[in-house]
Amino acid sequence: MESSPVSLTIDGRTIQASPDMTILEAAQQIGIEIPTICYHEHCTANALCRICVVEVSNARALVPACIATVQEGMEVQTHSERVQRARRTILEMLHSSVDLSEAPEILAMARNYNADPQRFPDAWRREPPVIDDNPMYIRDYAKCILCWRCVQVCAEDAQYTYAINFSGRGYETQISTFFHHPMPETTCVFCGQCVGVCPTGALKPKREWLLEQGYAPEVIMSLTRSERRGKKRRANLAV
């Protein structure tokens, strides 16, 4: 039996929505765009970045639109002064601690909200070295915003491989493999789905990265050739 739709107001517009729909989905239904960073339509929403927060009447705190479901009589403001200030601060904190140079959508968002990249000049920036431990992709966690997309797509949301997860606590939190093993020593199957959902360039195809470093095409092909494929081919030729 289908549940009856609920009536709510978003930015002054009264609409009907399914009771299992999130505020984000209800807003999109009527053409109102709420910004998102950690949210991905093919991944489980966890409200980690909080850029999608909205103001709901009678709610003490701002509400993450990607996980909050609609309620009967709910009144939502998606771009109130309080909401815009919160989003601007989040973007300024990201600027202060992470390399966003390859995150065009986030940079555009920062411009739209007039975020000041220099607001927190004394912030501790994340600057770990690039991890180059396999022929398929590199991990540049100086660009990682901990959106969790790669972890989710590697786990129940798609691949069920569980090669990566969070490690550390607080500001020391980062994406890593179990016991920090090199990627070839994990359960990774090099499907590339984690690279595909990364919004900042923290995960990048190895060949693209080498090209940016100035390597010649023939050198790049040599450095990214799969040893496993090569051994299998040689075995077939021997037969």
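Values computed for the structure shown
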| item | result |
| --- | --- |
| Any hit, the stretch 38-49, residues being in contact with a strand residue (DSSP E or B) (Cβ under 7 Å, 6 or more places away or on another chain) and modelled with pLDDT under 95 | yes |
| Filter pass, residue 85 being out of contact with any helix residue (DSSP H, G or I) (no Cβ under 6 Å at 6 or more places or on another chain), open to solvent by 70 Å² or more (accessible area, probe 1.4 Å), outside any loop (DSSP other than H, G, I, E, B) and of a type outside the set (Asp, Glu) | yes |
| Selection from the stretch 39-68 of residues that are among the polar types (S, T, N, Q) and either out of contact with any helix residue (DSSP H, G or I) (no Cβ under 8 Å at 6 or more places or on another chain) or surrounded by 16 or more Cβ atoms within 10 Å (Cβ to Cβ) (or both) | 46, 57, 58 |
| Residue count for the stretch 191-208, restricted to those that are over 15 Å from residue 152 (Cα atoms), open to solvent by less than 50 Å² (accessible area, probe 1.4 Å) and not basic (Lys, Arg) | 3 |
| Of all residues in the stretch 135-189 being among the acidic types (Asp, Glu) and in contact with a strand residue (DSSP E or B) (Cβ under 9 Å, 6 or more places away or on another chain), the one that is most open to solvent (accessible area, probe 1.4 Å) | 185 |
| Hits in the stretch 88-129 (condition: assigned to a loop (DSSP other than H, G, I, E, B), in contact (Cβ under 8 Å) with a residue 40 or more places away in the chain and loosely packed, with under 14 Cβ neighbours inside 10 Å) | 101, 124, 128 |
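The values are calculated or read from the model by the stated rules, or taken from the named source; none is laboratory data. Fair warning: this is a prediction, and the values are worked out from it, not measured in the lab. For neighbour counting, all protein chains shown are included, and Cβ atoms are generated from backbone atoms with ideal geometry for every residue, glycine included. The accessibility values were calculated without ligands, DNA or RNA, using every heavy atom of the protein model including side chains. Shrake-Rupley method; radii C 1.70, N 1.55, O 1.52, S 1.80 Å.
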